[in-house]
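Read through the structure below, which is laid out as structure tokens, and then see the notes.
The values are calculated or read from the model by the stated rules, or taken from the named source; none is laboratory data. From a predicted model like this one, the values you see are computed outputs, not experimental measurements. Because the Cβ atoms are built from the backbone with ideal geometry, glycine has one as well, and the counts that use them run over all protein chains shown. Just the protein is used for accessible areas: all its heavy atoms, side chains included, with ligands, DNA and RNA removed. Shrake-Rupley method; radii C 1.70, N 1.55, O 1.52, S 1.80 Å.
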Amino acid sequence: MPIKTIIIGTGSHVPSQVVTNKDLEARVDTTDQWIRTRTGIVQRHIASDQEPNSFLASQAARKALDMAGVEPGELDLIIVGTLTPDMPMPSVACLVQKELGAMRAGAFDLSATCSGFLYSLSVADKFVRSNPASKILVVGSEVLSRRTNWEDRSTCILFGDGAGAAVVTGTSEDRGIESTHLHADGSLWELLTIRGLGTAHPVTQEILDKGWQYIQMQGREVFKHAVRALEAVTGEALKANGWNGHDVDLLISHQANMRILDFLRERLGLDREKVFINIHKYGNTSAASVPIALDEANRSGRLKPGMKILMVSFGGGFTWGAVAMRW
Ligand code: UT7
């Protein structure tokens, strides 16, 4: 039997501070009704100044390690998918390594925006296939609130902070990750970007005045591309495994917009209970959204051995991808 990658533990963590749609009504020209009907979001969790990305990531990681029964010292590698690191150097992964005391582990961040977790899981899958005994911590963690313009109603209603994690290793059993599918289209980067505070546009008063330190999104355009890309990559993953839509027991998608989730459900012909939804609680947490959803599905008992799970994501870059697995 060929070696496959299995997830042996999951964990997630969100900050305790909750900002509801009603709270946002007091800050920008919006309504709870508009946000619910256009996005499905009801509230989001926002990190305090004392909760940088690496804190959220470490909290989620500890829970995943506990469930896996793996000591930090056993980890070979830590990969953190994120677009909101604590600082440019070091990586969040190195800070998580220090926090956990995982001193045998290599550590790096992976930049693939909202697809950061699935990209990271795909990379971990390749490591495990070449060294089945390895134990890898894969994290998706974001503090997007620090890069959100809280006066821009078209974006500030969407995003939330949080982290999710998974511990993976190899098995010769007939289960685990069946296929991974990664895509990108850099030609469309301007539709969803944080232009400023990198090396192209360093901190100057002019850049700050333009608001380039914040997320800028052409929502309607991004929506169209997201729907198309997610439909295509879903089809690709199904085909690669000889599955059809009805074979999928649980779809765990990036939680960007309830209407995108509804569209995917209809295209796959899935019943409502086969699409995992938690966007109402957390909003769009970028790279954290898939692993938080995975952890909630796992801990609530929705994942049963042998189930066919399809995870999909789409984000800035653009990047998109899918991971198909048998639980
Ligand atoms: O995570 C990465 C992937 N991200 C996504 O996939 C996000 C994709 N995009 C979306 O989810 C949606 O495009 C949004 C939720 C961002 C926006 O929804 P929409 O239905 O595409 O709205 P829109 O941008 O076309 O705006 C429609 C109207 C506009 O008013 P007019 O021009 O029709 O008078 C906006 O000004 O809604 C207005 N609007 C708002 N109204 C109340 C925009 N934001 C708000 C708001 N409250 N917060």
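Results, tabulated for the structure shown:
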quantity: Additional length obtainable on full extension of the chain from E206 to D152, 0.36 nm per residue less Cα span; calculated: 17.6 nm
quantity: Cβ-based charge dipole, the chain, positive-most Cα from L264, I79, H181; calculated: L264
quantity: Label point distance in nm, D66-M307, each placed 7 Å from Cα along Cα→Cβ; calculated: 2.2
quantity: Net charge contributed by nearby residues that have their C-beta within less than 12 Å of M103 (K/R +1, D/E -1); calculated: -2
quantity: Rounded Å value of the spacing that divides the Cα centres of the stretch 190-220 and the stretch 14-68; calculated: 22
quantity: Added length on full extension, which subtracts the Cα-Cα distance from 0.36 nm per residue, S172 to M1; calculated: 61.0 nm
quantity: Sulfur and carbon atoms: percent of accessible area, the stretch 178-326 [1.4 Å]; calculated: 50
quantity: The stretch 169-183 - phi-based ³J(HN,Hα) in whole Hz, Karplus 6.51/-1.76/1.60, Gly and Pro as x; calculated: 7, x, 9, 9, 6, 8, 7, x, 6, 8, 7, 10, 9, 10, 9
quantity: D29/E99 FRET efficiency (R0 51 Å; Cβ-Cβ; nearest 0.05); calculated: 0.80
quantity: Residue-level accessible surface for F117, protein heavy atoms, 1.4 Å, Å²; calculated: 0
quantity: The stretch 223-237 - phi-based ³J(HN,Hα) in whole Hz, Karplus 6.51/-1.76/1.60, Gly and Pro as x; calculated: 4, 4, 5, 4, 4, 4, 5, 5, 5, 5, 6, 5, x, 4, 5
quantity: For the chain: span of alpha carbons on each principal axis (Å, largest first); calculated: 58, 46, 36
quantity: Proximal lysines to K135, defined as alpha-carbon separation beneath 29 angstrom and excluding residues fewer than eight positions away on the same chain; calculated: K4, K63, K98, K126, K304, K308
quantity: Distant-in-sequence amide H partners of S179 (H built 1.01 Å from N, under 5 Å); calculated: A324
quantity: Selected from I35, Q17, V168, residue furthest toward positive end of dipole (the stretch 4-174; charges at beta carbon); calculated: V168
quantity: FRET efficiency, N131 to R36 (Cβ-Cβ, R0 30 Å, nearest 0.05); calculated: 0.05
quantity: Rounded to the nearest 20 debye, dipole of the stretch 4-174 from Cβ charges on Lys, Arg, Asp, Glu; calculated: 220
quantity: J(HN,Hα) series, the stretch 35-50, from Karplus relation 6.51 cos²θ - 1.76 cosθ + 1.60, nearest Hz, glycine and proline x; calculated: 5, 4, 6, 7, 10, x, 7, 10, 7, 8, 9, 10, 6, 7, 4, 8
quantity: Interchain or long-range residues, amide H under 5 Å from L110's placed H; calculated: V80, G81, T82
quantity: Cβ-Cβ FRET estimate between K224 and M87, R0 fixed at 45 Å, reported to 0.05; calculated: 0.85
quantity: Dipole moment magnitude, nearest 20 debye, the stretch 178-326 about Cα centre, only Lys, Arg, Asp, Glu C-beta charged; calculated: 320
quantity: Amide H contacts under 5 Å for V275, placed H, 5+ residues apart; calculated: L251
quantity: Summed residue charge, Cβ within 12 Å of V128's Cβ, Lys/Arg positive, Asp/Glu negative; calculated: +2
quantity: Cut-off 19 Å (backbone N to label point 7 Å along Cα→Cβ of W189), residues of the stretch 79-113; calculated: 82-85, 88-89, 109-113
quantity: Cα-centre dipole for the stretch 42-92 with unit charges at Cβ (Lys and Arg positive, Asp and Glu negative), debye to 20; calculated: 220
quantity: Cα centroid of the stretch 295-327 to Cα centroid of the stretch 90-108, whole Å; calculated: 25
quantity: Rounded accessible area per residue of the stretch 1-156, 1.4 Å, Å²; calculated: 43
quantity: Relative contact order %, the chain, counting alpha carbon pairs below 8 Å whose residues are six or more apart; calculated: 26
quantity: Global geometry of the stretch 15-123, whether rounded, prolate or oblate, following the gyration tensor of its Cα atoms and the 1.5 cut on a/c; calculated: prolate
quantity: Residue (of S54, I8, T148) at the positive-pole extreme of the stretch 4-174, dipole from beta-carbon charges; calculated: I8
quantity: The stretch 178-326: antiparallel DSSP beta bridges as a percent of all, rounded to 5; calculated: 75
